[in-house]
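Reading through the structure tokens given below for one structure.
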Amino acid sequence: MDILKNAWYVAAWAHELRDDQPLARRLLDQPVVLFRDAHGVPHALADHCPHRFAPLHRGDLRDGTLGCPYHGLRFDGSGQCVHNPHGDGHVPAAARVRAYPLCERFGAVWIWMDERPPCTLDLPWFDFIDPQQCEVSYGYLQTQANYQLSADNLLDLSHFQFLHPSTLGSAAMAADSGRFEQNGETVWSRRDARGELLPPFVARGLGLPDGTLADRRIAVRWDPPCLLAIEVCVTPASSSMEYVSRSAHLLTPESATSTHYFYAVGLPKALGELARTMTAYAVTGLTQPFRDEDLPMLAAQQRAFDEAGDASPPAVLLPIDGGIVRARRVMERKLALEAAGQTRPHAP
Amino acid sequence: MDILKNAWYVAAWAHELRDDQPLARRLLDQPVVLFRDAHGVPHALADHCPHRFAPLHRGDLRDGTLGCPYHGLRFDGSGQCVHNPHGDGHVPAAARVRAYPLCERFGAVWIWMDERPPCTLDLPWFDFIDPQQCEVSYGYLQTQANYQLSADNLLDLSHFQFLHPSTLGSAAMAADSGRFEQNGETVWSRRDARGELLPPFVARGLGLPDGTLADRRIAVRWDPPCLLAIEVCVTPASSSMEYVSRSAHLLTPESATSTHYFYAVGLPKALGELARTMTAYAVTGLTQPFRDEDLPMLAAQQRAFDEAGDASPPAVLLPIDGGIVRARRVMERKLALEAAGQTRPHAP
Amino acid sequence: MDILKNAWYVAAWAHELRDDQPLARRLLDQPVVLFRDAHGVPHALADHCPHRFAPLHRGDLRDGTLGCPYHGLRFDGSGQCVHNPHGDGHVPAAARVRAYPLCERFGAVWIWMDERPPCTLDLPWFDFIDPQQCEVSYGYLQTQANYQLSADNLLDLSHFQFLHPSTLGSAAMAADSGRFEQNGETVWSRRDARGELLPPFVARGLGLPDGTLADRRIAVRWDPPCLLAIEVCVTPASSSMEYVSRSAHLLTPESATSTHYFYAVGLPKALGELARTMTAYAVTGLTQPFRDEDLPMLAAQQRAFDEAGDASPPAVLLPIDGGIVRARRVMERKLALEAAGQTRPHAP
């Protein structure tokens, strides 16, 4: 499964980038070094010196320039060598490394790794993790699976009862078959439970007592390449109040078979200390099933797909796969356009 | 070295298969899941769900059906999906996994992995490990070598004195050059020692005192693909009684360069508790040189053959290789017939 | 980067070869077993028995013959099988392994692995590590990098201040730009510091007090394929005496991406106990930055070059690379001649 290059991806959470310590991360199968300059502006460079291919992330970061650990050439955030400590100090024109466009939004640093110029990053529905307006808690995991396979798992609400029986699943939620929609390149997967005995993890995350009976509606929004927002709305039977929890799930290919998985939960700052407590609880609570149940499953699937190769029969499709099928079709079309050099189709 | 598909192989010892816990094992380079149904009947399925390629061996086994751990589809022993817990429960016709024919004999579950229909499993000379009639002790090891290379080692009685000087070898046994015969596809390798001071492991295994002088005759029977029976007959100088020990050595390719090695020792049930003690002693005693001396040698040979590739000079043949040469020729002929699509030649 | 075969390489330090224990080492991507016979003469054989490819280095070494651990065939230093313990003891003509020409010089055993006959090993400038005349201390490390990349690092005096700031580098040494010369196939790289506050490691290595001001001149001599001699001359400001330290750095490809790195420091025997103490101090002192700073850098470079493949832009060259560029050109010419079958060009 090819990697779509013509897209913004999360390179790191904003708080991971520092001005005194570079961060090394493999993104879209390329080694990248990330840092901030003295003004806090984030920068991303190819992680090897053009002179002798030493890894720049092992160098020292000073005043917004990164020094090569091998021979001391210094590079600024544009990738230009700005200091050669040897001889007459002449800097050859070729002494520059590739710099990647970055964009800081929603508490994350986004990277553009395609050769073509970047489009605008415009994802207003992720405002709920904008740290200017919201209290946000952040999570990070790495999957040993392709980014599309990893996104499939998030778009698929039908596995909760089987893979996560003790945390996210319930019989009432399993009883619904789910609904799928597509608007342009956006895919929605929805599933509702009526009169559900809320799973304790869900109830506690909303500040509701154990044993609460409620209607629960889950809506997953997927946008290419693999940016997901999950909204859970709970209406307790004993009340007309609606409790809403929103989480963002942002996937970035590390390689063809591994993925950086950034996730976050946000609540309005107006909720004060409670927002901090509840988002932290939700991220901690999501991390356990993700790490202990989804990650091993994704790795096993990736190994099975790798092994099956092209000789394998196509996977059997079920009605529960409606979201995945739509998202995959959008990606196939985008990858085909990219391969054909037409990366900016007119919106339909 | 290709894997012969047109053959029965041991998939597991019979006691390894349970009706409450599936067993995962890679066989002939395919992932397989093995289990018993509620009637104790053994089943073997391809170890991935046809829906999303999840490993079925991580699922739950209930009433003879195996549930996929990801979305809860359930499969019976024929590989058919018999339950879809989602929506209207419709099961698509394609929702089935490959089931492999099995046969339970000699305390083992045998598997047939070729696409063509299985032949009859008829190996009466292994009756000595039939648990109906005999007391049997079982062993299992894994070699990091091709199955034919692993079988070579068992058919070769000339390495005992060099690789196993402290357990199986003796100067008297080394003095014999060995004899080889072939009847149809069966190959025999024999070696005798006259007036040998029995190695302590051999003497104790037969209940004889240390220091016993005896004649010892070893006969190895090999049948394709790599099923071996070893008979050791000992006649102490001080007696006319003959002590016989029989062991089975059954090899199954795990991959092109690794092998499941099943071995067992059997004695008539009539011997009662003594049979249990003696077969357990023999299996324990064989395990040590197999694991500590043969396995590292086989792994080193495999690495050397891998590295030498086709550019290497053919290995030098010695008269001691008479058994191996005959067995290899039988296998070459069978593999060539299989490649040509003629897998059932008339017996000569 | 190809491996030049038409050359002498160090296979081992002389003291590593014993007459009671064979030494296994991978050299030029071939498994080799090294040992001495009863007369102390060193021998090197391909490390697998021609019979069944067992690794000979696991066998027993007795009276200058090496016994195969699997079937007991014995080989002498010429690679000839001289004993078959089986049957009538006949030794087939093909029962021999390749023996490699060796030469013992400068406390090392040198090996010739090309098919063509060896040239004379004539490297008189390494007399300072001749154990007949000198007190010598020896070091050994393994780099996870190609042999030419490993040699580049030694020929490059400009990285000291950046990679080894606390041991070998100094501001005064960094201030010099270096000079490069080539005589025939020999390349020189030189760098001087005037009025330098000697780094403590350098001062102590010469028996000078901490805080010594001195002129320091470093000269690196490189000869193909990757044999380097480094001479450091120090003249303290307070004296007219010159202190000289000489080290040898001899590189042998283990594989295309790993290298045996043999290094040694020698002083005249006339210095007695002091020579022993000082050479041991120097080798210990060099080992720390080599192991902790150069080795990780070389491994990172190798990974980056591997990953960049041919698609990468050529590395940027700086004036400090003058030595490396000259040495690489010599090697390119020699490799091209070797590929063309002309390995003995007339000296220019």
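On the basis of being touching a helix residue (DSSP H, G or I) at 6+ places or on another chain (Cβ under 7 Å) and surrounded by 20 or more Cβ atoms within 10 Å (Cβ to Cβ), does residue B:327 make the cut? Yes: the conditions hold for residue B:327.
No other residue among A:23, A:61, A:56 is in contact with a Pro (Cβ under 8 Å, 6 or more places away or on another chain), closer than 23 Å to residue C:300 by Cα and more than 14 Å from chain C (Cβ to nearest Cβ) apart from A:61. Within region A:152-167, being away from every other protein chain (no Cβ under 11 Å) and either hydroxyl-bearing (Ser, Thr, Tyr) or out of contact with any helix residue (DSSP H, G or I) (no Cβ under 7 Å at 6 or more places or on another chain) (or both) holds for A:154, A:166, A:167. Does residue B:286 satisfy being over 23 Å from the mean Cα position of the chain (by Cα) and assigned to a helix (DSSP H, G or I)? It is false that residue B:286 is over 23 Å from the mean Cα position of the chain (by Cα) and assigned to a helix (DSSP H, G or I). Among the residues of region C:179-193 satisfying the criterion of being in contact with a helix residue (DSSP H, G or I) (Cβ under 6 Å, 6 or more places away or on another chain) and within 23 Å of residue C:331 (Cβ to Cβ), which is farthest from the other protein chains (Cβ to nearest Cβ)? The extreme case among them is C:185. Answer with yes or no whether residue C:298 is part of a strand (DSSP E or B), over 14 Å from residue C:168 (Cβ atoms) and not polar (S, T, N, Q). No: the conditions fail for residue C:298. For region C:177-185, the count of residues that are more than 27 Å from residue A:88 (Cα to Cα) and modelled with pLDDT of 90 or more is at least one. Entry remark, region C:64-81: residues being within 12 Å of chain B (Cβ to nearest Cβ) and at positive phi number 1 in total. Annotation for region A:53-75: no member residue is among the aromatic types (Phe, Trp, Tyr), under 30 Å from residue A:268 (Cβ atoms) and surrounded by 21 or more Cβ atoms within 10 Å (Cβ to Cβ). Report yes if some residue within region B:214-229 is in contact with a Pro (Cβ under 7 Å, 6 or more places away or on another chain), open to solvent by less than 20 Å² (accessible area, probe 1.4 Å), modelled with pLDDT of 90 or more and in a strand (DSSP E or B); otherwise report no. Yes; the residues of region B:214-229 include at least one that is in contact with a Pro (Cβ under 7 Å, 6 or more places away or on another chain), open to solvent by less than 20 Å² (accessible area, probe 1.4 Å), modelled with pLDDT of 90 or more and in a strand (DSSP E or B). Taking region A:101-190 as the region of interest, the helices (runs of 4 or more DSSP H) fully inside it that hold 1 or more residues being in contact (Cβ under 8 Å) with a residue 24 or more places away in the chain and within 15 Å of residue A:226 (Cβ to Cβ) are A:147-155.
Does residue C:276 count as more than 13 Å from every other protein chain (Cβ to nearest Cβ), part of a helix (DSSP H, G or I) and loosely packed, with under 15 Cβ neighbours inside 10 Å? Against the criterion (more than 13 Å from every other protein chain (Cβ to nearest Cβ), part of a helix (DSSP H, G or I) and loosely packed, with under 15 Cβ neighbours inside 10 Å), residue C:276 does not qualify. Would you check which residues across region A:153-186 are aromatic (Phe, Trp, Tyr) and open to solvent by less than 60 Å² (accessible area, probe 1.4 Å) and list them? Correct list: A:160, A:180. Selection within region A:8-24: residues that are open to solvent by 10 Å² or more (accessible area, probe 1.4 Å) and within 14 Å of the chain's Cα centre (by Cα). The member of this set that is farthest from residue A:334 (Cα to Cα) is A:14. Scanning region B:231-262 for residues that are open to solvent by 30 Å² or more (accessible area, probe 1.4 Å) and touching a Pro at 6+ places or on another chain (Cβ under 8 Å) yields a single hit, B:243.
Filtering region C:83-97 for residues that are touching a His at 6+ places or on another chain (Cβ under 6 Å), within 12 Å of chain B (Cβ to nearest Cβ) and crowded, with 17+ Cβ neighbours inside 10 Å leaves an empty set. In region B:187-209, the residue that is nearest to the chain's Cα centre (by Cα) out of those that are open to solvent by 20 Å² or more (accessible area, probe 1.4 Å) and farther than 23 Å from residue B:238 by Cα is B:188.
Within region B:6-19, the set of residues being of a type outside the set (A, V, I, L, M, F, W, C), under 24 Å from residue A:304 (Cβ atoms) and part of a loop (DSSP other than H, G, I, E, B) comprises B:18 only. Applying the criterion of being touching a strand residue (DSSP E or B) at 6+ places or on another chain (Cβ under 8 Å), among the small types (Gly, Ala, Ser) and within 24 Å of residue C:255 (Cα to Cα) to the residues of region C:279-321, the residue that is nearest to the other protein chains (Cβ to nearest Cβ) is C:304. Taken together, C:28, C:102 contain a single residue that is within 14 Å of another protein chain (Cβ to nearest Cβ), open to solvent by 10 Å² or more (accessible area, probe 1.4 Å) and within 27 Å of residue C:185 (Cα to Cα), which is C:28.
In region C:36-50, which residues are closer than 14 Å to residue C:68 by Cα and surrounded by 22 or more Cβ atoms within 10 Å (Cβ to Cβ)? Passing the criteria: C:45, C:47, C:48, C:49, C:50. The single condition among (1) open to solvent by 10 Å² or more (accessible area, probe 1.4 Å); (2) within 14 Å of another protein chain (Cβ to nearest Cβ) that residue C:125 does not satisfy is (2).
The values are calculated or read from the model by the stated rules, or taken from the named source; none is laboratory data. Keep in mind the model is a prediction, meaning the values are calculated, not measured. When we count neighbours, we look across all protein chains shown, and the Cβ atoms used for this are built from the backbone with ideal geometry, even at glycine. Side chains included, ligands, DNA and RNA excluded: accessible areas come from the protein's heavy atoms. Shrake-Rupley method; radii C 1.70, N 1.55, O 1.52, S 1.80 Å.
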